[in-house]
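Take a look at the structure below.
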Amino acid sequence: MKKEWNVTDGMGNMHHITYKAGGFGGAKYIIDNDTYKCKSKNWFVMLADVQISMPGADCNLVVVGNSVRLAVNGVYIDDNTPYEPVRNMPKWVNVMITVCGIVGFLAATVWGVLLSVFVDMFSIKFCLKGKNGAAIGLFVAFLVLMVAWIAYQFLFLV
């Protein structure tokens with residue numbers, strides 16, 4: 001995935017900003033042919049908020065998963081909404097994502113892993129929006145479902 005923007009600084013100079021999603025080399029952003037690595041703040045999802053300083057223009061390149069946006073002087077270019085810094089996800093979310101993957105695999109193999117991937121995606125989305133209670137509820141519901149599936153297997157399938 002590649003996104004490009006042209007930004008004019010306070011002195012009237014045009015700057016070209018490009019974001020390229022990572023493959024084996026990782027994600028990177030390019031400012032006027034100068035390449036920089038874009039490092040994620042999270043293990044599981046690309047989460048970055050890079051500040052780019054230009055004379056007379058403060059830019060923020062915000063990457064959340066597959067969503068890439070550029071804010072110039074506190075306003076996103078694509079929809080003119082005010083810039084908000086990316087929230088860091090709590091560390092317990094990474095632990096719960098790992099636990100859900102392991103429990104899903106041990107309880108229901110392929111279907112459990114697929115369900116845990118969906119639970120993980122939505123819980124990350126909830127945490128980035130600041131809805132930690134919804135993420136916890138989703139994790140608990142998943143674990144209850146897996147315990148019920150294990151009990152069903154022991155009672156009726158053995």
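Since every read-out is calculated from the coordinates, none of them should be taken as a lab result. Predicted model, so just to flag it, every value in this text is computed and none were measured. Glycine also receives a Cβ, built like all others from the backbone with ideal geometry; neighbour counts cover every protein chain displayed.
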Sorted by Cβ density within 10 Å, fewest first, the residues Phe118, Phe44: Phe118, Phe44
Which of the lysines could a cross-linker bridge to Lys28, judged by Cα under 28 Å and excluding same-chain residues fewer than eight apart? Lys2, Lys3, Lys20, Lys37, Lys39, Lys41, Lys91, Lys125, Lys129
Segment 71-148, Kirkwood Rh and Cα Rg, ratio Rg/Rh at 1.15
Inter-part distance where segment 17-66 and segment 87-158 are each reduced to a Cα centre, Å: 30 Å
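Can you list the equivalent-ellipsoid semi-axes of the chain, largest first and in whole Å, using the square root of 5 times each Cα gyration tensor eigenvalue?
Details: eigenvalues 345, 49, 21 Å².
Semi-axes (√(5λ), whole Å): 42, 16, 10.
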Estimated vicinal HN-Hα couplings, Hz - segment 8-22 in sequence order (Karplus 6.51, -1.76, 1.60; Gly, Pro = x): 9, 7, x, 9, x, 7, 8, 10, 9, 10, 10, 10, 10, 5, x
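At a threshold of 8 angstrom on Cα-Cα distance, excluding pairs fewer than six apart, so keeping six or more, what relative contact order does segment 1-148 reach in percent?
Working: 215 pairs, mean separation 17.5, N = 148.
With pairs under 8 Å counted, the relative contact order is 12 percent.
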Just to check I understand the Karplus step: with θ = phi - 60° and J = 6.51 cos²θ - 1.76 cosθ + 1.60, what whole-Hz values come out for segment 141-157, glycine and proline as x? 4, 4, 5, 5, 4, 5, 5, 5, 5, 5, 4, 4, 5, 6, 7, 10, 9
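Quick one: length gained pulling Trp111 to Val147 fully straight, 0.36 nm per residue minus the C-alpha distance? It would help to have the intermediate numbers written out before the result.
Details: separation 36, 0.36 × 36 = 12.96 nm, distance 1.42 nm.
The Trp111-Val147 span can extend by a further 11.5 nm.
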